[in-house]
1. Can you find, within the stretch 27-41, the residue that is modelled with the lowest pLDDT among those that are among the polar types (S, T, N, Q) and closer than 22 Å to residue 147 by Cα?
2. Out of curiosity, is residue 299 surrounded by 14 or more Cβ atoms within 10 Å (Cβ to Cβ) and modelled with pLDDT under 90?
3. Kindly indicate whether any position in the stretch 165-176 is hydroxyl-bearing (Ser, Thr, Tyr) and at pLDDT below 95.
4. State all residues of the stretch 117-140 that are within 25 Å of the chain's Cα centre (by Cα), loosely packed, with under 15 Cβ neighbours inside 10 Å and in a loop (DSSP other than H, G, I, E, B); if no residue qualifies, say none.
5. So, of the residues in the stretch 262-296 that are part of a strand (DSSP E or B) and at pLDDT 90 or above, which turns out to be farthest from residue 32 (Cα to Cα)?
6. Test residue 104 against the stated conditions and say whether it is part of a loop (DSSP other than H, G, I, E, B), under 22 Å from residue 174 (Cα atoms) and of a type outside the set (A, V, I, L, M, F, W, C).
7. With the stretch 147-240 as the region, which strands (runs of 3 or more DSSP E) entirely inside it contain at least 3 residues that are of a type outside the set (S, T, N, Q), closer than 19 Å to residue 45 by Cα and in contact (Cβ under 8 Å) with a residue 24 or more places away in the chain?
Amino acid sequence: MISIDSLTKRYRGTTAVSELSFSARPGAVTALLGPNGAGKSTTLRILLGLEQPDGGTATFDGVPYRSMREPMRSVGALLDAGWVHPLRTVSAHLRWMAQSNGIPRERIGEVLEIVGLQSVAGRRCGKLSLGMRQRVGLAGALLGDPDHLILDEPANGLDPEGVQWIRAFMRRFADSGRVVLMSSHMLGEVEQSCDEVVVIARGSARYTGGIEQFTARGGSGRVRVRAAEPERLAAALAESGMVCSDVVAGARGPEFTVEDSDEQRVAEAAAAAGLLVFEISAERSSVEEAFFREVGDGAEFRGRL
């Protein structure tokens, strides 16, 4: 479990993070979202012991990173793919990391296989594409076989196949009972990859919780309905005071929508009318729509449209 409790960080009188609290639990992929300048990078740096907070705590299973005797065996992190030495080969870079952290050399071959870089193990890091350097960074993060993984923009520089791969990898890692905390500006990718989201703006949390609840907050209030007798059901709902659209041909059969309602109200009216319903689903916002709704005026830098 990653736990952030009342975290505060100031720089020369400017508050970068203010009383921030959230957690990332085992078995879930959690996304840390926010506009530029929101405090995401500061939060991750404090988690990894690279910055000292002015208040609050940041721990892994109750232990601060700086207090760990063998941190790589508990925490793997990828913050910047560009920090690898350009003249080192991939295998030499990983060998240096393993030796300096007491990790057996056999693990190098294992992580190269996990990230799919066996064929370029002898190539210098400076000759690799950004996407390949991302994979090298991930291989380094996995050397200690950690229970917690922190990834800053993990899909950065990856081609579509690589994006699909990192998505599947994070899912497998979390499904094994471990923790993934990622930050990303690719909101569409977050929608496909993550279970929970933490939205911060101006250093404070605006939302913490499940991604389905996140997209449902402030949704359209429109409910999509499929039924055995859609026209009869629409008429019955209208008699109950609901506003229904015309029945149209949907991808899975005839359907219609109900405005300014919710699933429970529609289901109760259908049951009272004795009509068979196949599907009742609330139309939800996209992660992008929900993000901008939560952030509001929290963007630190905003251009003119």
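The values are calculated or read from the model by the stated rules, or taken from the named source; none is laboratory data. Just so you know, these numbers come straight off a predicted model, no measurement behind them. As a convention, Cβ positions derive from the backbone with ideal geometry for all residues, glycine included, and neighbour counts pool all protein chains shown.
1. Initially, the stretch 27-41 is screened for residues among the polar types (S, T, N, Q), giving 30, 36, 41.
With closer than 22 Å to residue 147 by Cα added as a condition, the list becomes 30, 41.
Working: 30: 98, 41: 92.
Among those that are among the polar types (S, T, N, Q) and closer than 22 Å to residue 147 by Cα, it is 41.
2. Numbers: surrounded by 14 or more Cβ atoms within 10 Å (Cβ to Cβ): yes; modelled with pLDDT under 90: yes.
Yes.
3. No, that holds for no residue.
4. 129
5. 277
6. The answer is no for residue 104.
7. 148-152, 179-183, 196-201
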